[in-house]
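The values are calculated or read from the model by the stated rules, or taken from the named source; none is laboratory data. This is a predicted model, so every value here is computed, not measured. FYI the Cβ positions are ideal-geometry reconstructions off the backbone, even for glycines, and counts take in every protein chain you see.
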Amino acid sequence: MKKIFCVIFSLSAMLPAKSQLLWEISGNGAKKSYIFGTNHLVSADFLDSVPNVYKAYNSTQVVVGEVLMNAKNISDTIMAYAKMPKEVLQSQFWTEEEFAKIDAALQNTLFLSLKDVAMLKPAMISAMYVQAVYEKIFKKKDDFLLDSYFQHVAEMSGKKVLALESITEQVALLYDSQTLERQKEMLLATIQDSAQLVQDIKNIVSIYKSGNLDLLYSEYINDTSETALTLREKHNFLDKRNAKWVKKIAEIVKKESAFIAVGALHLPSENGLIALLKKAGYKVKKM
């Protein structure tokens, strides 16, 4: 399983006691704050099953996300990195067989041809494809995904919203840190077995919703599928960013109580935010 780990988990009505999604941060001069692990595909209605999450959110002064979801010119910034370079000729980039395979998958899922999205890099096409497959499996019940929901509610109530990195930093990592050939290779691997992809998505969402971050991380780090990230890519996507983010989190919680919402994979492991915050002298406990 694990095919969708490269592009960014239904259980009972309430999360089990072992859930590791919501954590309290205190001590070391910090204003009491919370960090919550999100899934970038899951809609906000899932929060109704997470104990204490609304209470924790309402008790804080600021909301912190990976990026500002409503940043100025965000669409232009994304497209600047997600577009194929002008010098790349589509007729030379795709073989006839590759074009046919991807075109068929896109038409079946997105109701678009590859020609319609040929101006986009393969990594962006992969993200669009996985999102569409996810929405076919889990019928959308909410207009907001988890990350954007917290920021939307904050803005509506006048609560300050901060970011751990700029949108430019994030989209550069997503769409410009891998070669186009590497992106194409991963796109082809993602679309080659739609039935397996559906099962992979169901499994990952199940793990996430169970709140078992250790299992989620294990699935990610031990991934040996065709779409698995290399060790270097995993370091750049998680560890390197965590090391930067923990410093920013320390600065924020020293001044104001914060509700921090980041991708769940950033929390576990010895290089995850939970361990790094503890190493920095903070008390971090499950809620």
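For the reader, a short list of remarks on this structure follows.
- Residue in segment 251-270 that is aliphatic (A, V, I, L, M), farther than 30 Å from GLY27 by Cα and more than 19 Å from the chain's Cα centre (by Cα) present: no
- In the set GLU185, GLU165, GLU169, GLU181, only one residue is under 30 Å from ASP76 (Cα atoms), part of a loop (DSSP other than H, G, I, E, B) and of a type outside the set (A, V, I, L, M, F, W, C); that residue is GLU165.
- Pair list, Cβ under 8 Å, 6 or more apart: segment 254-281 residue farther than 20 Å from GLN151 by Cα, other residue of a type in the set (S, T, N, Q) and crowded, with 20+ Cβ neighbours inside 10 Å: PRO268/GLN20; ASN271/ASN242; GLY272/ASN242; LEU273/ASN242; ALA275/SER269; LEU276/ASN242
- Number of residues in segment 87-143 that are under 23 Å from SER206 (Cβ atoms), of a type in the set (Gly, Ala, Ser) and either surrounded by fewer than 19 Cβ atoms within 10 Å (Cβ to Cβ) or touching a strand residue (DSSP E or B) at 6+ places or on another chain (Cβ under 8 Å) (or both) equals 1.
- In segment 215-225, the residue that is farthest from the chain's Cα centre (by Cα) out of those that are of a type outside the set (A, V, I, L, M) and surrounded by 14 or more Cβ atoms within 10 Å (Cβ to Cβ) is SER225.
- Set ALA100, ALA17, ALA13, ALA56: member being more than 26 Å from MET156 (Cβ to Cβ) and at pLDDT 95 or above: ALA100
- Flag for ALA261 being modelled with pLDDT of 95 or more and either over 21 Å from GLN178 (Cβ atoms) or surrounded by 14 or more Cβ atoms within 10 Å (Cβ to Cβ) (or both): yes
- Of the listed requirements (1) modelled with pLDDT of 95 or more; (2) more than 30 Å from ASN242 (Cα to Cα); (3) touching a Leu at 6+ places or on another chain (Cβ under 8 Å), GLN107 misses just one: (3).
- Members of segment 60-75 that are over 26 Å from LEU267 (Cα atoms) and more than 20 Å from the chain's Cα centre (by Cα): LYS72, ASN73
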